[in-house]
Amino acid sequence: MLRGAATFVEDIPRPHAHHLAFVRSPVAAGRIAGIGTEDARAVPGVLAVVTAADLGHPSLTAVLERDEFVPTSMPLLAHDRVRYAGEPVVAVVAESRYVAEDAAERVWCDIEECDPVLSLADAASTPVHPEAPDGVLVDLQMFADDLLDESLARAPLVLEETFRSGRVTAAPMEARACLAEWRDRDEQLVLHCSTQVPHQVRTGVAQALGIAERQVRVVAPDVGGGFGLKCVVGREEVVAAAVAARWRVPVRWTEDRQENLTAAFHGHEQEYRVRAGFDAEGRFVGVDADIVCSVGAYSAYPFSCGVEPLMAATELPGVYKVGRYAARARGVATNKPPTAPYRGVSRPQIVLVMERLLDKAARRLGIDRVEIRRRNTIAPHEFPYTGPNGITYEPGSYLEALERCVREVTDAGWWERRAGGDGLRRGIGLVNFSERTAYGTATMGLRRMQMTPGFDVSHVRMDASGDVVVTSGTCGHGQGHETTFAQIVADRLGIRPERVKLRQGDTDLVSFGWGTWGSRSLVIGGGAAAVAARTLAGRLKAIAGELLEVGPGDIELADGYARVRGVPEARVAVEEIAATVHFRSHTLSRHHDQLLEARGAADPPGMFSNAAHAALVEVDPGTGDARVVDYLVVEDCGVVVNPTVVDGQVRGGVAQGIAAALYEELTYSPEGQPLAGTFMDYLVPTASEIPPVAVHHLQTPCELTETGAKGMGEGGTIGAPAAVLAALNDALRDCEADLDHIPVRPADILRVLTTGTRTEREDTA
Amino acid sequence: MKPAPFEYHRAYTPKEVTELLLELGEDAKILAGGQSLVPMMNFRLARPTALVDINPVSGLDYIRRDGDVLRVGALTRHRSVELSTEPDVHNGFSVLPGAARWIGHFPIRSRGTVGGSIAHADPTAEWCLLARLYDAEIVVLGEHGTRTVPSDEWFTGFLTTAALPGELVLETRFRRPRRHGTLLEYARRRGDFAIAAVAVAFDITDNRCHDVSMVLGGVANEPLRVPEAEAYLEGAEPGERAWAEAARLAAEAVTPGTGPDDGDHGYRRHLVGTLARRALAEAQAGPAGPRPRGGAS
């Protein structure tokens, strides 16, 4: 990868491939009165100009099988209505992207524009989908508690607060891309696709095109980042497949950055209205949350638009004992692009909500903000703890992580730096949270998705030279699975990790899988690989036992040898076993037809990683500038398979979280026009804006997984917005107003600075 | 994000450039560093029918001191100014190398040109601010030979200049060297276009400010001189009091409707006040390079 030897979809040479360009809706909402394609067809080099009618109106439909859910379909190309500016309406197939874009300009769309729905407030005025007249696609009322109101009424302190987070997108370095080809010889469509979920793309394409799964082969080559944007099936990719299948020509589509920002999948546009009651000692007595997620115009396949509301309502309490709890969570259809499960999925928001509530309560009650967390956090002796949200939390190091974080921050001299004195304001944010990772089938089943993911499978085989190939239904896209899966398998076979190669991301090579998302791969895919490797190790031991004339139970695998326990000189090299099985099986007493291979599967219920984050921010009162100058993470993801990989995930995640807190937002005009269509306006932070991130590890081995590891791919993104927001409020601690939204802009900070200072000044360190 | 079709021509002498431009008509554009033009073409916001690439033209890449005038050739890359250690540049025009460091990112500075920036006339562009700050003259070559346009007549609106069809910027002549000068900007990310920028230049003799210029960027359709602040500072005693009052006058020059319509004119006004005060103080302290993110308080 770092040597530039990676192969992304765009790197696959197909000099004669045609290129797709999409004619996209120029308006946020409207009825399509007519489409004219004649002029575009006349452009030299154009093969076809394709409308929904030309394809037979295919669509993708994601369904939750629950009464509170309104199913809606996402057409591959809009035909009767357009529902966001940037929605694909017509596809142009031409000999180059240049020609395709030239021709796309010559397509005319006659659209009767209507008022766009941009928020819950106007959701019912002109519903995005007639099936949902109130504009609400999912309305969940969970954990109803008759005594909650009464408890809040009696609470000495009740906070009624509103928190908001802006619409953001994953902005992977490689935007979406695909190359679709029809192969007559195999009667098969081969779709190279930059995806996290090749098997789900296969199913989506097969269903939309009405062909058999076998007739679709999806290959994910190197993928330049996904972050959830690529764990759903994009309509452009299916259009490319449809064109290749119909015209029998290779077709490419490479999303450009403008398309990626304005017309791909977004996330995290949410509002929380929360009532939280506390007793006089700062302990929660109850939390009542009303959550609205602006899910955009469609339900993305296969996860549906229920992902954010479900996650938010179910997991809001986090590491805290909240007493009584109820939540309503709605997914509101808006005339903006659909949302995908972007890294963190509602957890960045719910952590932000809980941590702001605690900081506010601490201040109102005059309690130290670390102390109020101590009083509310699930304590070690309380595990397994079942909360009012029905979730059972297995052991974690919640309090230990918090205390360690405070200690590290203190040792690093942050409190002295906070005191400042040079004209800049400084603040420290401290947050503590857990995240459920690696949701297995049982947990995903509770969501009632029509397609329920969860388990995953792996196949491990050793060839005649003793090298190992492991396959996985997960599909890494930059997480270093090649390294970590090799470690897991090599450990169990007693060989060096270099001798293990991971193969993934090819539906003809891997029988099935649910791909990589939801912090699942090392735990579920790696767990399956561990199971398979363990079985293979048993086979190696059996053969070694025969060769060394001892029982298999006396054999241990280490350093590339199978050796007799306690008699290390009695050994046979793994290569020798491999060669024997393949070439001299007649010398073995039995199982001549069994090769060195094994399958494994894993399906854990899901488990909670936890972390404490601390951010040190500087605020310049002259410009309103805020920047994070130091950052510290204490995290616990159980057994760490590879610290470098874990640290990389944490740091990248923190960078994305800082981005959401201070920089990135997809803003829209009142007409529903996207205002952030380039990286000039969508402020992905650069190395200049991201501080060094110190990472410390705690390890609470997980009893639910093969390796003792817990998932950890999202925690950085989850904790950072809350930590940065807490630090900003701390930097403005003498001001009257609070900042309760992200992203925070310089003008927001100046507004707080000019709204006056607090009468009582409590320096709650 | 692919440009509409265009012709590509290469020119080797300034005369050839103007001849080609006349021949190709008004929809032809000059390609210098391409750091603004090419992205605009990729978005199809600019649709020139032809490009005249002037990169092969020799003799336009120079920085020369001529008495009180600093002459910068049109094809001089931002990076050349940034790296300049010539006493001729630093003596009286030390703002230039410092200001160059605010321009975009390394690849942009390596490729983009001073002449291209002057011709593009972005109201936040560093060279445009400095052209106004130093009462520069823009030397252009056209059908009928060269002419010199003072900078206060050059910038005529958002991305528009007094250049006539077929004219090529040859040189920018910065004048009125002064010992004290600074350009400060603020953007949320390092390297972005400034939300606002302030440039100041002045001399101090007998503890009084003289020959003061102040220019604001990002608050109007073109770089905005602040005569009120300049007049106030002329003869004033340098120091926090004077800086604060001049900054107040600078902020007042930011009126609604003078900047990009982002609905946050109040913020921009506050920012200009801060930057002006800091720029004056920094300039007083002596020639200095830029500081990131608006400098220290």
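The values are calculated or read from the model by the stated rules, or taken from the named source; none is laboratory data. Given the structure is predicted, the values throughout are model-derived calculations rather than measurements. Reconstructed Cβ throughout: ideal geometry from the backbone, glycine too, with neighbour counts over all protein chains shown.
Annotations for the structure displayed:
- The listed residue being more than 28 Å from A:Pro743 (Cβ to Cβ) and at pLDDT below 95, out of A:Asp145, A:Asp149: A:Asp145
- Scanning the stretch B:117-136 for residues that are surrounded by fewer than 24 Cβ atoms within 10 Å (Cβ to Cβ), out of contact with any helix residue (DSSP H, G or I) (no Cβ under 7 Å at 6 or more places or on another chain) and over 16 Å from B:Thr76 (Cβ atoms) yields a single hit, B:Thr124.
- A:Arg66 being farther than 19 Å from A:Ala177 by Cβ and assigned to a loop (DSSP other than H, G, I, E, B): yes
- Enumeration of residues in the stretch A:480-494 that are part of a loop (DSSP other than H, G, I, E, B) and closer than 14 Å to A:Arg534 by Cβ: A:Gly494
- Top-ranked residue in the stretch A:567-596 [being modelled with pLDDT under 95 and of a type in the set (Gly, Ala, Ser); ranked as surrounded by the fewest Cβ atoms within 10 Å (Cβ to Cβ)]: A:Ser589
- Options A:Ala241, A:Ala245, A:Ala312; residue that is surrounded by fewer than 24 Cβ atoms within 10 Å (Cβ to Cβ), away from chain B (no Cβ under 14 Å) and assigned to a helix (DSSP H, G or I): A:Ala245
- Within the stretch A:604-640, if we keep just the residues that are of a type in the set (Val, Ile, Thr) and within 14 Å of chain B (Cβ to nearest Cβ), the residue that is surrounded by the fewest Cβ atoms within 10 Å (Cβ to Cβ) turns out to be A:Val629.
- Restricting attention to the stretch B:111-163, the residues that are among the small types (Gly, Ala, Ser), free of Cβ contacts under 8 Å to residues at least 12 places away in the same chain and within 23 Å of B:Glu230 (Cβ to Cβ) add up to 0.
- Total residues in the stretch B:136-175, condition within 21 Å of B:Val81 (Cβ to Cβ) and at pLDDT below 95: 0
- Selected residue (only one of A:Asp603, A:Asp625, A:Asp630 is touching a strand residue (DSSP E or B) at 6+ places or on another chain (Cβ under 9 Å) and under 30 Å from A:Trp514 (Cβ atoms)): A:Asp603
- Applying the criterion of at least 2 residues that are in contact (Cβ under 8 Å) with a residue 24 or more places away in the chain, more than 22 Å from B:Gly191 (Cβ to Cβ) and not hydrophobic (A, V, I, L, M, F, W, C) to the strands (runs of 3 or more DSSP E) found wholly in the stretch B:36-88 leaves B:63-66, B:69-73.
- Scanning the stretch B:161-192 for residues that are basic (Lys, Arg) and within 26 Å of B:Gly286 (Cα to Cα) turns up B:Arg173, B:Arg175, B:Arg176, B:Arg178, B:Arg179, B:Arg190.
- With respect to the conditions (1) farther than 30 Å from A:Asp39 by Cα; (2) in contact with a Gly (Cβ under 9 Å, 6 or more places away or on another chain); (3) exposed (fewer than 14 other Cβ atoms within 10 Å of the Cβ), A:Ala121 lacks only one, and its number is (2).
- Note on the stretch A:277-303: residues that are assigned to a strand (DSSP E or B), more than 30 Å from A:Pro156 (Cβ to Cβ) and aliphatic (A, V, I, L, M) amount to 1.
- Residue match in the stretch B:4-21 (condition: free of Cβ contacts under 8 Å to residues at least 12 places away in the same chain, within 14 Å of chain A (Cβ to nearest Cβ) and not hydroxyl-bearing (Ser, Thr, Tyr)): yes
- Residue check, A:Val158 modelled with pLDDT of 95 or more, more than 24 Å from A:Asn335 (Cα to Cα) and not in a helix (DSSP H, G or I): yes
- The residue pairs whose first member lies in the stretch B:222-249 and is farther than 22 Å from B:Glu126 by Cβ, whose second member is among the aromatic types (Phe, Trp, Tyr) and in a helix (DSSP H, G or I), and whose beta carbons are closer than 8 Å, counting only pairs six or more residues apart or on different chains, are B:Ala242/B:Tyr232; B:Glu245/B:Tyr232; B:Leu249/B:Tyr232.
- Only one of B:Ala74, B:Ala46 that is surrounded by fewer than 20 Cβ atoms within 10 Å (Cβ to Cβ) and in contact with a helix residue (DSSP H, G or I) (Cβ under 7 Å, 6 or more places away or on another chain): B:Ala46
- Matching residues, the stretch B:267-297, being within 8 Å of another protein chain (Cβ to nearest Cβ), at pLDDT below 90 and closer than 22 Å to B:Arg225 by Cβ: B:Gly294
- Within the option set A:Ser511, A:Ser472, A:Ser521, A:Ser465, being surrounded by fewer than 23 Cβ atoms within 10 Å (Cβ to Cβ), polar (S, T, N, Q) and within 24 Å of A:Pro605 (Cα to Cα) holds for one residue only, A:Ser511.
- Test: residue in the stretch A:577-598 that is part of a strand (DSSP E or B) and either outside the structural domain of A:Arg745 (by TED's automatic domain parsing) or without any contact (Cβ under 8 Å) to a residue 60 or more places away in the chain (or both): yes
- Scan the stretch A:672-696 for residues that are surrounded by 15 or more Cβ atoms within 10 Å (Cβ to Cβ) and away from chain B (no Cβ under 14 Å) and the total you get is 5.
- Boolean, A:Asp146 is without any contact (Cβ under 8 Å) to a residue 12 or more places away in the chain, farther than 30 Å from A:Asn260 by Cβ and not in a helix (DSSP H, G or I): yes
- Subset of the stretch A:72-124 that is within 14 Å of chain B (Cβ to nearest Cβ), over 30 Å from A:Gln450 (Cβ atoms) and assigned to a loop (DSSP other than H, G, I, E, B) - its residue that is farthest from the chain's Cα centre (by Cα): A:Arg106
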